Structure formats: C-alpha cells, structure tokens
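K.L.:
Would you mind keeping the following structure in view while I ask a few things?
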Amino acid sequence: MTPQLQQAIKLLQLSNLELMAYVEQELERNPLLERIDGDAPGGEDSRDAFEVTDGDAPAERLDLSSDGIADKAREAMDVDPDGDNTFNNDSGYDAANADIGLASNYISGRGGDGRFDDEGGGLEQTLSETLSLREHVQDHWLLMPANVTDRLIGQALIDCLDDAGYITEPLEEIGARLGIEADEIEAVLLDLQTIEPAGLFARSLKECLALQLRERDRLDPAMQALLDNLELLAKRDIPGLMRICGVDQEDIADMVQEIRALNPKPGLLFGGEPVQTLVPDVYVRRTNDGSWTVELNSDTLPRVLVNSRYYARVTKPEKNSGAQNGQLKQTKTYMSDCLNSANWLVKSLDQRAQTILKVASEIVRQQDAFLRHGVSHLKPLNLRAVAEAIEMHESTVSRVTSNKTMATPRGIFEMKYFFTASIAATDGGEAFSAESIRHRIKTLIDGESIEDVLSDDKIVEMLAGKGVDIARRTVAKYREAMNIPSSVERRRLKKAGLLKAG
C-alpha cells in the first residue's frame, strides 16, 4: 500500500479527538495546509487565497471499500472483525442547650473535603491527586461482573454522578431514556453503591449516611430512626429524637458523634476538577414524522484547505543565477510533495466523514426497534450485514465503528455496542439478539417466587414458548455471566431472606 492509502485507512480508525490531534501535526508540518476556524482569516479577500485545488474538477475518491485495498490493509493494520459550614465539634452534651450541629449545616458540609470533623486519615490520604471520581468509579465498575445491559445501566448511572458523589437524576427518568424498568436500574445501583468510599451513588443525604453506617455495621433501628428524622436535628428537637429513637440522652449524644464522623460528600475526596464531556461523533435525532436523521458532529471535525496561492508564489520561476535556479528546483520538489500530501489529506477527511455517515445511517436503520423501544428490542447484527447493505468491505466497517460514539435519544453508545450475536427463532423467523435474550432471562429470574424458582430447563421451555430456540447450556452460560446463582442456590438464599423474591 502507498503511504497515502495507509494514511486514509488510519484516519478511519481515529476518534474525533484523535483526528484533531493528527491534523494539528499535519498543520505544523505542511506549510500549504490552512485551518478554517469559523470564517477564513482575512475576510472577503481571503476567498481567493484559500481554495481546494481540486475544486474545479472533482478528484477521484478513495476506494476504501474495495476488496483489494481491504486485503492489503489487513497486512499493514490490525482489524478487530458546595461554603464553610461545619458541625459544632464540642464533645460534651448539654440537654438544655443541645449544641449538636444542625442538619442544615450538615447538608452543606465543610466545603473542602466535605468532612465534619478536623481529623484526616483514611482513604483520602491514599488517593492519587490526579485520580478523578469517575476514573475511580470506572476502574472498580469494570472489575465487577456484569452483562452488557448492566454495563449500559452502570455507565448511565456513572454519567449522572455529581462532584459530591450523588445521583441527581431520578431512576425512572434514566429507565425511560434507556427503555429499561426502574427496578433493573436500582439493582445495578445497589452494586455501584458497594464501591469505596462508602456513600457514593446515594440519592439523598439520608441514603449517603446510611450506606456509610451500614458499612460500619452501625445501622441499627435507632440510628435508622435518627436518619429518618434529620429535620428534628435541624430544629434541635432532642427530646423528640430521643422519643422517636427510643434511646436516652447519652445514647443520642453518641449517635450524633458517630454521624459527625461520616462524610456527607464522599465524591469530593477525589477533587472537584471539571469532568470532560464525552463528545459524540454522530448525532441521531427523531424527526416530526417519526423517522431518524443522522448527522456528523461538525463541531469536532477539523476543517482544512490547501493554500494554492502560496504554492504558486513560492514555486514561481524567476530570472536567477544557476545556483538560485538549483535551489528553486529543490523548493519546487519539496512544495510539490507538500501539495500532494495536503490534497490527499483533504480528500481523506472528506471520504472519512462520508464513510462514517454511511455506516452510522445503516446501523440506525437496522436498530430502529432499539431506538424506539429499548434494549429488549436490540437486533442481532454483525459487521458483514452492514458491509453488504452499504456495499463496503467488512474490514472498512470494522475500522469506521472503532473508537466512534453515537448520541441517540437513549444515550451515547459506542458504535460497537450495536453489534451482537444472534439466537435462532423456533419457527425459523427473524433471529433474536443475544443481549435481548440475556435481558429476558434476567427478567424471568427477577420475577420468580420462592415457591416457583425457575430451573434452566424451565427457562428454556418458557423462552421456547416465545419463539426462542436456545439450548440449556446457553441459558446456563448467560445466567452465570450475569452472576446469577443456580436455581438450587437461589431457592436456598430466598428462603433465608438473603435474596429478594419476585
């Protein structure tokens, strides 16, 4: 393959951010390339100074879809088909002047690290100064067993985290956006709430404190009653708290001291640096007539032109001595190479944009049911199906979908997410997506009762009644991948009250 063709194929695999970095390097290296930032520099007159050299006669497009180029590409590249508010720190307790610290101060925290006492220590002393909250959570979440659906839910919850470590969006809204029941969202939330430090992914101050107390094995009924009545603490209604919690004056003082040691904003342990927003490569929007419109995110695409006037001026022959003419010849050779490289880059960027748009449009067409109804309607899809539909080579589709994201009404997804294996239908009809089958299996198990725990064979039978042709060993494999115990173990756990029954 020629260097130019290798460059074109490389550009297909780059994300928009990576592409911007690459183009910046080319702008520094090639004097004939000019960046377009909004209006071209120089005002009206600049239109004559900046032109694409192939503007009069369209240049030949890069045939990235041909089998020959794709075969050569395989040899060169890898393809993968809140303020300063504090609690009062007096250790004594005066029943007449109950100076325990108000819940209003409690909610605000201490600013800085969010602690109520002046003691350091603990996890915050061991955290890297450069580790962000989301990086910390992402690292732990990736190590936790979860299926593809739970990964999707988990990422949506992580995206909803504020700097203090709270989930601010109602689970019902998240579920509606993803097409998933709120119960499934809460199940994943419970897993995320096990990530250290305790208190992350809480939906309220009460829940944040409860998570930390539970970790310390101090969430007894009296403490729970106190958390349920934090407004009485704000009003300094100590007699009321003692009555509700069923404890005496000494106990209530100890309980308040325990709460003082908790962190109302565990996320602030990781610093308050701004979170980088994930910028999608493609936008998918629903039109008034119910169809979908697919467009590239032009804000992140580099725009460059070739300065042909500069090329003509530098290479213009003049009456010079022989030595000067020899130097001019070297200059012309160098500038010709720059011109060819610049033209090829411009054409490569144009071809990349059109190829991404073409592939993304086909994915949207194939996964229309998912976009409308949610993950249970995700269709089985592979690279070959898309490649054949748009008449491109499979390896080209693989490169286009690598490191690219798509913003849809259901969230932002990597393009690779839409490619899943298939499960045959019993009647020979349209196959089912493996991910949608995992979702069905989990739904069936979540709804089972203690008296009727579903065996793998029973699940196979129920799925067959819905037209799914699936083997028992496949059900077992999917169940184990979702970290769901066997039917015998589930029955035992449910009878012991350690597993929620449907």
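All of the numbers you see were taken from the coordinates with simple rules; none came from a lab. On a predicted model such as this, the values are computed, not experimentally measured, just so you know. Every residue, glycine among them, receives a Cβ derived from its backbone with ideal geometry; neighbour counts consider all protein chains shown.
K.L.:
Pairs of alpha-carbon atoms within less than 8 angstrom and 6+ residues apart define the contacts here; what relative contact order does segment 300-413 have, in percent?
P.N.:
It rounds to 18 percent for segment 300-413.
K.L.:
Compactness ratio of segment 163-227: Cα Rg over 2.2 N^0.38 Å, N = residue count?
P.N.:
Values: Rg = 12.9 Å, N = 65, 2.2 N^0.38 = 10.7 Å.
In units of the globular-protein estimate, segment 163-227 measures up at 1.20.
K.L.:
I want the local charge near D456. Using Cβ-Cβ distances under 12 Å, sum +1 for each Lys or Arg and -1 for each Asp or Glu among the other residues.
P.N.:
Surrounding charge for D456 is +3.
K.L.:
Further, regarding this structure: State the volume of the convex hull built on the alpha-carbon positions of segment 326-386, expressed per residue in Å³ and rounded to an integer. Please report the intermediate quantities before stating the final value.
P.N.:
Details: hull volume 5.2 nm³, N = 61.
In segment 326-386, the Cα convex hull volume per residue is 85 Å³.
K.L.:
From the cross-link list K379/K442; K404/K458; K206/K477; K466/K494, which pairs have alpha carbons spaced over 29 Å apart?
P.N.:
Pairs exceeding 29 Å: K404/K458; K206/K477.
K.L.:
Right, another one. Neighbouring Cβ atoms within 10 Å as the yardstick, rank T2, T443 fewest first.
P.N.:
Result, fewest neighbours first: T2, T443.
K.L.:
If amide hydrogens are placed 1.01 Å from N in the peptide plane, which non-local residues have theirs closer than 5 Å to the one on D228?
P.N.:
none
K.L.:
Of H140, H377, H439, how do they rank once you tally other Cβ atoms within 10 Å and put the fewest first?
P.N.:
H140, H377, H439
K.L.:
Where does the charge balance sit around R216 when Lys and Arg score +1, Asp and Glu -1, over other residues with C-beta under 14 Å from its C-beta? Intermediate values should be presented prior to the final figure.
P.N.:
On the way: positive: R214, R218, R260; negative: E196, E215, D217, D220, D254, E258.
With Lys, Arg at +1 and Asp, Glu at -1, the neighbours total -3.
K.L.:
Give the long-range amide H neighbours of S422: residues separated by 5 or more places, or on another chain, with amide H under 5 Å away, using H modelled in the peptide plane at 1.01 Å from N.
P.N.:
A434
K.L.:
If you don't mind, there's one more thing I want to ask. Please turn the phi angles of segment 209-217 into ³J(HN,Hα) values with the Karplus equation 6.51 cos²θ - 1.76 cosθ + 1.60 (θ = phi - 60°), one per residue in order, whole Hz, x for glycine and proline.
P.N.:
5, 4, 4, 5, 5, 5, 4, 8, 6
K.L.:
I want to verify the translational diffusion coefficient of segment 422-495 in µm²/s; compute it with Stokes-Einstein, Rh as the Kirkwood radius over Cα pairs, at 25 °C and 0.890 mPa s.
P.N.:
Here the translational diffusion coefficient equals 196 µm²/s.
K.L.:
Could I ask something else about it? For segment 180-275, calculate the relative contact order in percent as a whole number, restricting contacts to Cα pairs under 8 Å that are 6 or more residues apart.
P.N.:
Result for segment 180-275 is 25 percent.
K.L.:
While we're on this one: Among Y478, Y283, Y311, which comes first, then next, by fewest other beta-carbon atoms within 10 Å?
P.N.:
On the way: Y478 23, Y283 16, Y311 19.
Listing Y478, Y283, Y311 from fewest to most nearby Cβ atoms yields Y283, Y311, Y478.
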